[in-house]
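*Asks:* My questions will all concern the structure given below.
Values in this text are rule-based calculations from the coordinates and carry no lab data. What you see is a predicted model, and the numbers here were worked out from it, not measured in a lab. Neighbour counts are summed over all protein chains in view; Cβ atoms, including those assigned to glycine, are modelled from backbone coordinates with ideal geometry.
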2 protein chains.
Amino acid sequence: MHVVIVGGGVIGLSTAWRALERGLEVTVVDPAPGSEASHASAGMLPPANELILEQEDLLRLCLSSRERYPAFVAGLEAVSGRSVGFRRDGVLDVAFDQDGLAALEEVRKLEESLGIAIERLDPGECLAHEPALAPTVTGGLLAPDDGAIDPREMTPALLAAIDAHGGLLLRERAIEVIMEGDRAAGVRLAGGASVRGDKIVLAAGCWTHGIGGLPPGVVPEIRPVKGQILRLRSAEPYLRRTTRAVAGGSAVYLVPRSNGELVVGATYEERGYDTTVTAGGVCELLDKARKALPGVGALELAEAGVGLRPAAPDDLPVLGATAVPGLLLVTGHSRIGVQLTPVTADLMAGLLADDLVAGLAEPFAPTRFAG
Amino acid sequence: MHVVIVGGGVIGLSTAWRALERGLEVTVVDPAPGSEASHASAGMLPPANELILEQEDLLRLCLSSRERYPAFVAGLEAVSGRSVGFRRDGVLDVAFDQDGLAALEEVRKLEESLGIAIERLDPGECLAHEPALAPTVTGGLLAPDDGAIDPREMTPALLAAIDAHGGLLLRERAIEVIMEGDRAAGVRLAGGASVRGDKIVLAAGCWTHGIGGLPPGVVPEIRPVKGQILRLRSAEPYLRRTTRAVAGGSAVYLVPRSNGELVVGATYEERGYDTTVTAGGVCELLDKARKALPGVGALELAEAGVGLRPAAPDDLPVLGATAVPGLLLVTGHSRIGVQLTPVTADLMAGLLADDLVAGLAEPFAPTRFAG
């Protein structure tokens, strides 16, 4: 069976890799794999977050992905021969006021009830863990088993894995699905050529519903949610581990890499497909970062970028078969695409190879928007 | 007579052009003309500023340059066939507190006594001139005859003018002055070749004293003063005219271009030759800009750059003959190189062509550092 996957972000590529492992033939179509939201992403892998904790189905998906991550990375690094910068040296959450501290305590109780390792830290302990923190820190949480991954390493590793398994990558843009009767049978490329397939997977992030050729209503509108994100740089890592800081109701995350990069993210803006780095966005992130880390102003501002997170009408992932035979969707992962990559790829590969719909995936069926 | 000029910033290039106009043969040596401090510069041309008003010799130099600017630009645009973005539609100074207002009033009195057109504005008048200003503006000054130039247009125009007059540009790095007896007779290039000349002019900004081959003490140490500077962008110009804002003892300048670029400058940092764009530098400039222009956060942050201003031990320009026959210097213009370009080029051309030392130039002789 030949699967055509439109979209080469971490979701499309990992689905391709896992499908290839199951013995399927796979072609990925993307003019520039890993260049959009996956390129911008910080790759933070926290145990959960307060938004997810309130949504049971999504929480189950997240926890399953968290369990799968070590094996996913081990497999990917083995087949690709590349490191993906996976770290499980802890995620630190810190608060700078009493409200922030109270919110962290709610998170701690919930996470503890889920069996997640989580430790409460007093201000002195926070500073002992991260001496660069502002002494105004009021307390924190440490999730010792969690961490981060580097999506900019993950994309090339996934491309290498696809290549190693004999998968095909077409660096072209898909413009429409080719229908045969009521069935999806391929995609037409911008250059005029077409690719036939037994199953067609649209994994094109916030551009998914823009792919033509389909009856109305099959693909929900996936709106872009703009995230501005910065990369600072110092000779040595400025932080020891992935850190999130909350103050005055707003949060910033700070993800260090071993090469001295410190990712500071991210804004959350509804501005359509605008990808402008703005003075205000950069200011917002730097102001928040400096409140948590007063010395961070001395670091190089190496990059300011934008990613467009794909968000479905209900802000939940969209994954599985559509009403059109042969057509599947996998998109809508919003802020947590990298976090959900292992479970998403496994669920999609199961669907493609065995038509298996896992209970985990049911709440995220694309058909929920129909009617 | 053949003049070799080391350094292709606006000072070196304008000196070359004016010397060519006097009939001299000229070779400019620079691996990347106009790429350093001249590239970073905002090109603001205010009537004066409070630092200069206190230094009589420098003030005379500035006022002379201001008088020469229109003819300098007319000549340059005519010979090069290019626009240099010269504007004389006013410079607006605004204050956001009482101290700032008092400082502006001192400037106004001094400028008025010098015959400079200068108008006092109340807050309502400031807002009428620039509706984008914060309504917290406490008052301002308008210098209606002043403005700005675009150094990124000036450099190519100067290169075209040099070419039109038959001047030569060597895109190489000069490493040392070649001496013949006690006399400077040429420069050696990094590639191993050399260029002979009757007069050698070092115009290499903060790299001037790093050029070898000379007896100690001939070239004073010209230290780099780091300036971080931003370029914002909008579809239409966000400001009508060049604006400087003072609040809490610190200033920011905001120089609009007709293409929608808004230059926001600049930090003033003693950090050696470091050219890192830092989180703190960008933050400082954006915070100041937003205090003056609350809506500026919506603009694109198109560029963050660094220039190294050349500063002599006494922070004054260095121009004229040295103790070494045949060797001249022109550097040390610190923050006001673009402002001082026309007068500097004229004085240097006079020196080169006629050995004429104008009274204006005397206080800036390189020999003042000797002994």
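*Asks:* Please compute one quarter of the surface area of the Cα convex hull for the stretch B:100-224 and express it in square nanometres.
*Replies:* For the Cα atoms of the stretch B:100-224, the hull's average projected area reads 13.2 nm².
*Asks:* Could you state the per residue volume, in Å³, of the convex hull enclosing the Cα atoms of the stretch B:299-371?
*Replies:* Cα-based convex hull of the stretch B:299-371, divided per residue, equals 123 Å³.
*Asks:* If you don't mind, another one. Let me know the Kirkwood hydrodynamic radius for chain A, please, with Cα pairs as the basis and the value in Å to one decimal.
*Replies:* Its Kirkwood hydrodynamic radius stands at 21.0 Å.
*Asks:* Residue by residue through A:298-311, how many Cβ atoms from other chains fall within 10 Å of the Cβ on average?
*Replies:* The per-residue average across the peptide is 2.
*Asks:* Additional query: Around B:Glu303, which amide H atoms from residues at least 5 apart in sequence, or from another chain, sit under 5 Å from its own amide H, with H modelled in the peptide plane?
*Replies:* Sorted by chain and number, the residues that satisfy this are B:Arg231.
*Asks:* Short version: ³J(HN,Hα) in whole Hz for each residue of the stretch A:105-116, in order, from phi by Karplus 6.51 cos²θ - 1.76 cosθ + 1.60 (θ = phi - 60°), x for Gly and Pro, what are they?
*Replies:* In residue order, the calculated couplings are 5, 4, 4, 4, 4, 5, 5, 4, 5, 8, x, 7 Hz.
*Asks:* If you don't mind, there's one more thing I want to ask. Any chance you could run the full-extension gain for B:Ala128 through B:Arg196? It's 0.36 nm times the residue separation minus the Cα-Cα distance, nm to one decimal.
*Replies:* Gain on stretching B:Ala128 to B:Arg196: 18.7 nm.
*Asks:* If you don't mind, another one. Would you please give the residues with an amide H less than 5 Å from that of A:Gly139, counting only those at least 5 places away or on a separate chain, with H modeled from the backbone geometry?
*Replies:* A:Ala95
*Asks:* Can you give the Rg to Rh ratio for the stretch B:231-365, taking only C-alpha atoms and Rh from Kirkwood? Kindly include the intermediate steps, with their values, before the conclusion.
*Replies:* Details: Rg = 18.7 Å, Rh = 17.4 Å.
Rg/Rh: 1.08.
*Asks:* Another question, then. Each residue of the stretch A:88-101 in order: what ³J(HN,Hα) in whole Hz does its phi give by Karplus 6.51 cos²θ - 1.76 cosθ + 1.60, θ = phi - 60°, with x for Gly and Pro?
*Replies:* Using θ = phi - 60°, the values come out as 10, 9, x, 10, 9, 10, 10, 10, 10, 7, 6, 4, x, 5 Hz.
*Asks:* To one decimal in nm, how far is A:Glu221 from the same spot in the other copies, if labels go 7 Å from Cα toward Cβ? Please give the shortest first.
*Replies:* 6.4
*Asks:* What nm value, rounded to one decimal, do you get for the distance between B:Asp99 and B:Arg120 when each label is placed 7 Å out toward the C-beta?
*Replies:* 2.2 nm
*Asks:* To continue, here is another question. Relative to the present Cα-Cα distance, how much length would full extension add between B:Lys109 and B:Ser250 at 0.36 nm per residue of separation? Write down the numbers at each step before the final one.
*Replies:* Values: separation 141, 0.36 × 141 = 50.76 nm, distance 2.08 nm.
Extra length available between B:Lys109 and B:Ser250 comes to 48.7 nm.
*Asks:* Another question, then. Across peptide A:280-292, how many C-beta atoms of other chains are within 10 Å of each residue C-beta, on average?
*Replies:* Shielding by partners across A:280-292 averages 4.
*Asks:* Just to verify a number: FRET efficiency for B:Asp163 and B:Met1, C-beta to C-beta distance, R0 = 22 Å, to 0.05?
*Replies:* FRET efficiency, B:Asp163 to B:Met1: 0.65.
*Asks:* Moving to a separate point now. Just want the ordering: B:Met1, B:Met44, A:Met154, from fewest to most Cβ atoms lying within 10 Å of their own Cβ.
*Replies:* B:Met1, B:Met44, A:Met154
*Asks:* When a footprinting reagent is the concern and you count Cβ atoms within 10 Å, what order do B:Leu110, B:Leu286, A:Leu13 take, fewest first?
*Replies:* On the way: B:Leu110 18, B:Leu286 26, A:Leu13 30.
Placing the least packed residue first, the sequence is B:Leu110, B:Leu286, A:Leu13.
*Asks:* Same structure, new question: Just to confirm my numbers, what's the Cα centroid distance between the stretch B:1-76 and the stretch A:161-194 in Å?
*Replies:* 59 Å
*Asks:* Please list the non-local residues whose amide H lies under 5 Å from the amide H of B:Val29, H modeled 1.01 Å from N, same-chain partners needing a gap of 5 or more.
*Replies:* Long-range HN contacts for B:Val29: B:Ile5, B:Val6, B:Gly7, B:Leu170.
*Asks:* Report, for the protein assembly as shown, the % of DSSP beta bridges that are antiparallel, rounded to 5. Can you show the working numbers first?
*Replies:* Values: 102 of 144 bridges.
If I count the DSSP bridges inside the protein assembly as shown, around 70 percent turn out antiparallel.
*Asks:* At 7 angstrom along the Cα-to-beta-carbon line, where would the label on A:Ser35 sit relative to the other copies? Give the distances in nm, shortest first.
*Replies:* Result, one decimal in nm: 2.7.
*Asks:* Quick one: of the DSSP bridges fully inside chain B, what percent are antiparallel, nearest 5? It would help to have the intermediate numbers written out before the result.
*Replies:* Values: 50 of 71 bridges.
Looking only at bridges with both residues in chain B, the antiparallel portion is about 70 percent.
*Asks:* Taking N as the number of residues in the protein assembly as shown, what is its Cα Rg relative to 2.2 N^0.38 Å?
*Replies:* The reported ratio for this selection is 1.15.
*Asks:* Let me ask something else. Let's see if you can work this out: charge +1 on each Lys and Arg Cβ, -1 on each Asp and Glu Cβ, no other charges. What is the dipole magnitude of the stretch B:212-330 about its Cα centre, in debye to the nearest 20?
*Replies:* Result for the stretch B:212-330 is approximately 420 debye, rounded to the nearest 20.
*Asks:* Treating the Cα atoms of the stretch B:169-258 as identical point scatterers in vacuum, please give the log10 of the normalised Debye intensity I(q)/I(0) at q = 0.11, 0.12, 0.24 Å⁻¹, two decimals.
*Replies:* The calculated log intensity ratios at q = 0.11, 0.12, 0.24 Å⁻¹ are -0.57, -0.63, -1.26.
*Asks:* In µm²/s, what is D for the stretch A:144-201 at 20 °C and 1.002 mPa s, where D = kT/(6 pi eta Rh) by Stokes-Einstein and Rh is the Kirkwood radius from Cα pairs?
*Replies:* In µm²/s, the coefficient rounds to 153.
*Asks:* Ordered by residue, what ³J(HN,Hα) values in Hz, to whole numbers, does the stretch A:360-365 give under the Karplus form 6.51 cos²θ - 1.76 cosθ + 1.60, where θ = phi - 60° and Gly and Pro are x?
*Replies:* Once θ is set to phi - 60°, the couplings for the stretch A:360-365 become 4, 8, 3, x, 10, 4 Hz.
*Asks:* Two-decimal Rg/Rh of the stretch B:219-274 from alpha-carbon positions, Kirkwood Rh? Don't jump to the answer; show the numbers that get you there.
*Replies:* Working: Rg = 14.4 Å, Rh = 13.0 Å.
Radius of gyration relative to Kirkwood radius: 1.11.
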